[in-house]
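Trainee: Dropping a structure here in structure tokens format, bear with me for questions.
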Amino acid sequence: MARLKVGVLISGRGSNLQALIDAAADPAYPAEIALVVSNVAGVQGLDRAGRAGIPTAVIGHKGFPDRPSFEAALTTALRSAGVAFVCLAGFMRVLTATFVEAWRDRLINIHPSLLPAFPGLHTHERAIAAGVRFGGCTVHYVRADVDAGPIIVQAAVPIAPNDTAETLAARVLEAEHRAFPLALRLIAEGRARVVGDSVRIAGAVAPAGFALNPPG
Ligand code: GRF
């Protein structure tokens, strides 16, 4: 079966991109990365893509007068690479409702908290300050509201009494690196169905530590 052609948008380190690259290195994985786009030049994620032989583009948002023209350039690059599905992997630009609707249900994001708790930045500091006992990560379809949208995969990570934002971030990142390839695989296999505000997953058993909604 043809693999789903994916574009990955990044702004930096690209460790989640690396997790997707590593997953897609297996020919049995149902998605392939056709293009990596960064809005920032010279970032580590671009090197990761280059090492894997994946085409890259730098589309700097500062080169555009407004968000719509920046996003139009993103869409042009993605379309010309044959991309059918987009993953946001540490992409630090807020997307307009127009872009989000144009890619509706073909656009997912990874966020380092158990959404809907702690959307936005500094999730780990805020989770520790709030005294919650679990952090975690969420892969979700993107909607116009930032860090909101139907949830595909979540994993909870216990917060230890002596955790700092850094130690917690490192532990959550390990979960992220498993959650993102898992979510993309379920979608590329056609198992994920958006029903209202939630996602139903058919015919898949969640690996230990990960949670998926039943088909419903
Ligand atoms: C990750 O924690 C991701 O959840 C968040 O931004 C960070 C990106 O890290 N959206 P990396 O660039 O994938 O290493």
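Trainee: Report the gain in length on full extension from Ala28 to Ala165: 0.36 nm times residue separation, minus Cα-Cα distance, nm rounded to one decimal.
Mentor: 45.7 nm
Trainee: A further question follows. Under a 10 Å cutoff between Cα atoms, tell me which one of Ala19, Ala183, Ala41 has the largest fluctuation in the Gaussian network model of the chain.
Mentor: Answer for the Gaussian network model of the chain: Ala41.
Trainee: Take every Cα-Cα distance within the chain, group them into 10 Å bins from 0 onward, and report for each bin the whole-number percent of pairs it holds.
Mentor: Bins of 10 Å from zero give 8, 35, 38, 17, 2 percent of pairs.
Trainee: Are there trypsin sites (Lys or Arg not before Pro) in the stretch 1-72 that DSSP marks as loop and that have at most 13 other Cβ atoms within 10 Å, and which are they?
Mentor: Nothing satisfies the criteria.
Trainee: Oh, and also: Any idea how far apart Ala204 and Asp47 come out in nm if each label point goes 7 Å out from Cα toward Cβ?
Mentor: Computed distance between label sites Ala204 and Asp47 equals 3.2 nm.
Trainee: Separate question: Report in % the part of the accessible area of the chain that belongs to carbon and sulfur, leaving out ligands and nucleic acids; probe 1.4 Å.
Mentor: Its accessible area is 57 percent carbon and sulfur atoms.
Trainee: Next question, about the same structure. Tell me, rounded to the nearest percent, the portion of alpha carbon pairs in the stretch 1-103 spaced more than 17 Å apart.
Mentor: Counting every Cα pair in the stretch 1-103, those more than 17 Å apart make up 48 percent.
Trainee: Could I ask something else about it? Need the full-extension length gain, Thr75 to Ala102, defined as separation in residues times 0.36 nm minus the C-alpha distance. One decimal, nm.
Mentor: So the extension gain works out to 8.8 nm.
The values are calculated or read from the model by the stated rules, or taken from the named source; none is laboratory data. Remember, it's a predicted structure, so these values are computed and weren't measured experimentally. Using ideal geometry, Cβ is built from the backbone for each residue, glycine included, and neighbour counts are taken over all protein chains shown. Side chains included, ligands, DNA and RNA excluded: accessible areas come from the protein's heavy atoms. Shrake-Rupley method; radii C 1.70, N 1.55, O 1.52, S 1.80 Å.
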